[in-house]
Amino acid sequence: MRRVSCLQACVRKWLRGTALAMGVLASGLVPAVSQAASEINWYVFPLPPLYIPEGPGKGEGIVDLALQRHLIPNLPGYQHKFINVPLKRLELMLRDEANACALGLFKNAEREKTMVFSTPFFAQIPPGAMIPRAQIAQLRPYLVAGDKLNFSKLLEDEVLTVGVQSGRSYGAAIDELLATYKGKKNIFLNSAPNAAKSLFQMNALGRVNLILGYPYEANFLNNRDSADFVDLKFYPLQEQPAFLSGYAACSKGPFGEQVIEQINAVLARRDILEAIAAYYEGWLPEDAHPLARQVFGLAFPAKPRTKK
């Protein structure tokens, strides 16, 4: 009888525990925690050819390939969800969601308040100014040694109108200049969903004189919509550094720090960095290839081999 009573007591205790566990499961608490701990929300934004969300070359952008071929296969412990978001909302999502990440961001002091950054995953020629070749003479008063553009002088003079994408970072030095001259009549901010394409169209129509951007952007858009765009020349800006580094960023917090630590382990492999650099070079005009290789060498110097 004692054995039966003991067995009955154990069964009752097990049933109470099971009922409690089922109640917790029914409340949705356990799945929510489990899902949040294992899923990364990758926020992607329309910025060809870094991300190509539609049309020719869809999914074949520089960052598209870096994510799909290198980062995600080397982060097998997570479910990966892709969410398209306008560029101007990107920082808001990384601030508000504990499991949000993005690839292809610049690092600055303001972003570091709410995001944790990886080591660099690629280096690029900094943004410059693009202007139709037929209008190059307008830039002569602002050109300095090395055919670089004195951007601060151009903004101060308010003679030529510059097309800028709202919410986009052009590197710390240029971001600071744009903030200093904010509200000037010669800075046109474009917040359209595909602001890059919109600015090129405005330039072709003569509504803006020059566009801030990268050499690969003109190459991409001219290849895709050559009937709509004029031949453009790229000018580096005097205020820019030799190169700019792109990073992965996640929301600041334990989850984000854990993901970034694992991303850093992936980016420690030189073969992966070289593969991403090749994607980048593939979108550049041929005359920019030597500079791109120089930039890679400066950003990721080869470690000397130790003698045996």
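The values are calculated or read from the model by the stated rules, or taken from the named source; none is laboratory data. Model, not experiment: these values are computed from the prediction. So basically every Cβ, Gly included, is an ideal-geometry build from the backbone, and we count neighbours across all protein chains shown. Calculation scope for accessible area: heavy atoms of the full protein, side chains included, ligands and nucleic acids excluded. Shrake-Rupley method; radii C 1.70, N 1.55, O 1.52, S 1.80 Å.
Points to keep in mind about this one:
- Answer residue from the stretch 219-251, given it is open to solvent by less than 10 Å² (accessible area, probe 1.4 Å) and at pLDDT below 90 and is nearest to F188 (Cα to Cα) among those: L221
- Any hit, the stretch 126-136, residues being of a type in the set (D, E, K, R), modelled with pLDDT of 90 or more and surrounded by fewer than 21 Cβ atoms within 10 Å (Cβ to Cβ): no
- Each residue in the stretch 241-292 was checked for being among the aromatic types (F, W, Y), in contact with a Phe, Trp or Tyr (Cβ under 8 Å, 6 or more places away or on another chain) and in a loop (DSSP other than H, G, I, E, B), and 1 of them qualify.
- Filtering L160, L177, L139, L189 for residues that are assigned to a strand (DSSP E or B), touching a residue at least 24 places away in the same chain (Cβ under 8 Å) and more than 26 Å from E281 (Cβ to Cβ) leaves a single hit, L189.
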